[in-house]
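Okay, so here's the structure we're looking at.
The values are calculated or read from the model by the stated rules, or taken from the named source; none is laboratory data. As the structure is a prediction and not an experimental result, all values here were calculated from the model. For neighbour counting, all protein chains shown are included, and Cβ atoms are generated from backbone atoms with ideal geometry for every residue, glycine included. To get the accessible areas, we keep the full protein, side chains included, count just its heavy atoms, and leave off ligands, DNA and RNA. Shrake-Rupley method; radii C 1.70, N 1.55, O 1.52, S 1.80 Å.
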Amino acid sequence: MKKTPWVLLVLLLFAFGLRLYGVSRLSLRGDEAATVFAVRRPWGEMLALFQGPTPFQPLYHILLRGLVRVAGDGELAARFLPITCGVLLLPLLYALARRLWGRRGHSIGLWAVGLAAINPMLIWDAQDNRMYPLLGLLSLATIYWASRVAQAPARRAWVAFVLCATAALYTHYLAAFTLLTANALFATLLWRQPRRGAALARWLSAQLAAVALFAPRLWDSLTAAATFTSDFLPALSAREMARRTLTGLTLGISLDARMAGALSPGFLTVGALGAHALWTEGRAAGRRLLAWLLTYALLPVAAIAAFSRWRFPIYDERYALLALPPVLLLLACGLAQVAARGWRRWLAVAGLIWIVAASAYALHSYYFDPAYRKGVDWRAYVARLLACARPGDLLIQNYPDPGLTYHLRERLPRVLLPESYPVDEAATVAALQRLLETHPRLWLQPQRYARWDAEGLVAAWLERHALRVAEERFRNVRLALYLPPGAHPEAYRPLEATLGDGIALLGYRLERRDEWERRRADDPLPAEPLATCAPGEDLTLTLLWRADAAIPASYTVFAHLYDAQMRLVTQHDGLPAEGAYPTGRWRVGEVIVDRHTLHVPADAARGECRLGVGMYLLESGVRLPARQGDALPPERTVWLQAVEIE
């Protein structure tokens, strides 16, 4: 007992270190950055965000605003509040164990604190600038003081419960499920009280006081709960919710489902050992405590599942954290059996090794595996963008993700397109055309989202009006560089050729497809088109067309490679822009970028070949007449160049 404070302090420092590790290297996710932008607003504007039936409550933002004003809004400063809340949860968990188990509680409490210190889900949540660690802390405090109110008439417990419950309600709507759980737990304790009437009166008055303090937000919150809806989270079956709750509460969300499923039985075994110990050792008192813990663990998840069925899907592993304290206490009760004799001791030792090893594996995955990096690595994305940017460049942000805005911080001109949802196609196209005419290079962060640019309008327009010369991929997001053809004549070989009466071929690019796909933004463009290729290679041919007159029909483009005997080696026929922009839709004066892929057969004979292009009407197969300079090729083909197959 005398060593308990020191052991607890060491565990808290260890937990703080795990939650602090690597946090300043993590880019802020979109929701985290949006929270920073919200607290940087003037007081009135920030509080206005929570007026009416909004999906969030204001307390976390109010607390974070004070911290940001003192420490700045860097990644560590923005996350220090949830880290602190995540650490403070641990001694409160210890206090609850002492409250429930009495003198035995110090051992079980220390085991619970140790489990919480290495819990991957708690660490993930603590390193996220959102209100959920504060909600978890206040929810646990509400349950703790509810147990005190039920068992003792102390005024301090009554006041503490009222303040914690009110603060939880001002933090998140999920606090309503905490109060529901507190009422169920109070009912299990009430019947053992000698003065049930007085205890019930204390309990009801405490809840009425909390509701009264929450009155300014009560009506708006009830309205939001009844009317607000979202399709952000998927609908899940009850079985899938149960599986994700088990793996999420024990191993976090940094393992694939198969691995998490393989590791979770060890936690179930230790939990079953703890339940067995309560059932057999404590007799009636132990069985009541087991029922209390199971009620505490199951009711919040059941309430979330019921709401998801009744209103709209809200299940997320981090919401299920409301049920984590009793799970940790049950696991701690199982690990405490290392002090027992016989099979229970050895099972507890094996369970301890399993839990530590599984948690370490999950944490290693979270800390070091890029596949489980939290959100988009906007820090690396912006660093790469700024390293390759040149004066006059502009970034087109295709979706208003605050994470990109936060990390870019006005260091490069940026515009959001589309500007709003629903998409105004005409206004978006007009804006793109202006940008193409006024900037030497355009960067695009293409990102489709169901409630923004769901059809990929911006990316598709740039693909057929600008030369995409590089594209780099990051996790869940891309960075593409486009050159306006008029501003970069060096990017293509010029031509003076026409097809029919109204289609001009201004130039082309020819390159190996793998080199085109691998090209990075700072790689120089080849000065000349590709002159040689090998059997089995894919070639990318980019054509630049201009509509000089209205085009009444939809023509098919052909790109053919012939050998010296005019035998066809390979070809690609298709509508322009990979079928997305037929000639009948071209506007007079419009320049169109049209890309084709030619596959050189693996058995192609070596020798010099000729590459030619043109157009024909698919229904008849008749080609448009071709003019190349002063020549009128009888093949109705514009001959581009020779290509040597080596």
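Of all residue pairs spaced 6 or more apart or on separate chains, none has beta-carbon atoms under 8 Å together with a first member in the stretch 552-571 that is among the charged types (D, E, K, R) and a second member that is modelled with pLDDT of 95 or more and assigned to a loop (DSSP other than H, G, I, E, B). Of the numbered criteria (1) in contact (Cβ under 8 Å) with a residue 40 or more places away in the chain; (2) under 30 Å from L331 (Cβ atoms); (3) in a helix (DSSP H, G or I), the one L255 fails is (3). Among the residues examined, P552 does not qualify as at pLDDT 95 or above, surrounded by fewer than 17 Cβ atoms within 10 Å (Cβ to Cβ) and in contact with a Gly (Cβ under 8 Å, 6 or more places away or on another chain).
Listed by first and then second residue, the pairs linking a residue in the stretch 614-627 that is assigned to a loop (DSSP other than H, G, I, E, B) to a residue that is open to solvent by 70 Å² or more (accessible area, probe 1.4 Å), with Cβ atoms under 6 Å apart and 6 or more places separating them unless they lie on different chains, are P625/R636.
Per-residue answers, yes or no, for (1) farther than 24 Å from T142 by Cβ; (2) in a helix (DSSP H, G or I):
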{"site": "S230", "(1), (2)": "yes, no"}
{"site": "E240", "(1), (2)": "yes, yes"}
{"site": "A260", "(1), (2)": "yes, yes"}
{"site": "L268", "(1), (2)": "yes, yes"}
{"site": "A284", "(1), (2)": "yes, yes"}
{"site": "L289", "(1), (2)": "no, yes"}
{"site": "A297", "(1), (2)": "no, yes"}
{"site": "A302", "(1), (2)": "no, yes"}
{"site": "Y315", "(1), (2)": "no, no"}
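Checked against the criteria, R587 counts as touching a residue at least 12 places away in the same chain (Cβ under 8 Å), basic (K, R) and surrounded by fewer than 19 Cβ atoms within 10 Å (Cβ to Cβ).
A single entry from R414, R451, R434 fulfils the requirement of being open to solvent by 40 Å² or more (accessible area, probe 1.4 Å), in contact with a helix residue (DSSP H, G or I) (Cβ under 7 Å, 6 or more places away or on another chain) and either modelled with pLDDT under 95 or not polar (S, T, N, Q) (or both): R414.
For the residues A175, A146, A165, A141, the requirement of being buried (at least 21 other Cβ atoms within 10 Å of the Cβ), within 17 Å of V87 (Cα to Cα) and in contact (Cβ under 8 Å) with a residue 12 or more places away in the chain singles out A141.
Considering only residues in the stretch 344-382 that are β-branched (V, I, T) and open to solvent by less than 30 Å² (accessible area, probe 1.4 Å), the one that is farthest from V270 (Cα to Cα) turns out to be V382. From the list R411, R379, the one residue that fits, being basic (K, R) and part of a helix (DSSP H, G or I), is R379. Output yes when any residue across the stretch 199-216 is closer than 24 Å to Y319 by Cα, open to solvent by less than 20 Å² (accessible area, probe 1.4 Å) and in a helix (DSSP H, G or I), and no when none is. Taking every residue of the stretch 199-216 in turn, at least one turns out to be closer than 24 Å to Y319 by Cα, open to solvent by less than 20 Å² (accessible area, probe 1.4 Å) and in a helix (DSSP H, G or I). Sort through L11, L88, L93 and tell me the only one that's in contact (Cβ under 8 Å) with a residue 40 or more places away in the chain, of a type in the set (A, V, I, L, M), open to solvent by less than 30 Å² (accessible area, probe 1.4 Å) and part of a helix (DSSP H, G or I). Step by step, each of L11, L88, L93 is checked, and only L93 is in contact (Cβ under 8 Å) with a residue 40 or more places away in the chain, of a type in the set (A, V, I, L, M), open to solvent by less than 30 Å² (accessible area, probe 1.4 Å) and part of a helix (DSSP H, G or I). Taking A152, is it surrounded by fewer than 22 Cβ atoms within 10 Å (Cβ to Cβ), over 30 Å from I253 (Cβ atoms), free of Cβ contacts under 8 Å to residues at least 40 places away in the same chain and touching a Lys or Arg at 6+ places or on another chain (Cβ under 7 Å)? Considered against the rule, which asks whether it is surrounded by fewer than 22 Cβ atoms within 10 Å (Cβ to Cβ), over 30 Å from I253 (Cβ atoms), free of Cβ contacts under 8 Å to residues at least 40 places away in the same chain and touching a Lys or Arg at 6+ places or on another chain (Cβ under 7 Å), A152 comes out as no.
Tallying residues that are surrounded by fewer than 18 Cβ atoms within 10 Å (Cβ to Cβ) and under 49 Å from the mean Cα position of the chain (by Cα) within the stretch 590-609 yields 6. With the condition kept exactly as written, say whether any residue in the stretch 111-134 is under 30 Å from G44 (Cα atoms), open to solvent by less than 20 Å² (accessible area, probe 1.4 Å) and acidic (D, E). Checking the stretch 111-134: at least one residue is under 30 Å from G44 (Cα atoms), open to solvent by less than 20 Å² (accessible area, probe 1.4 Å) and acidic (D, E).
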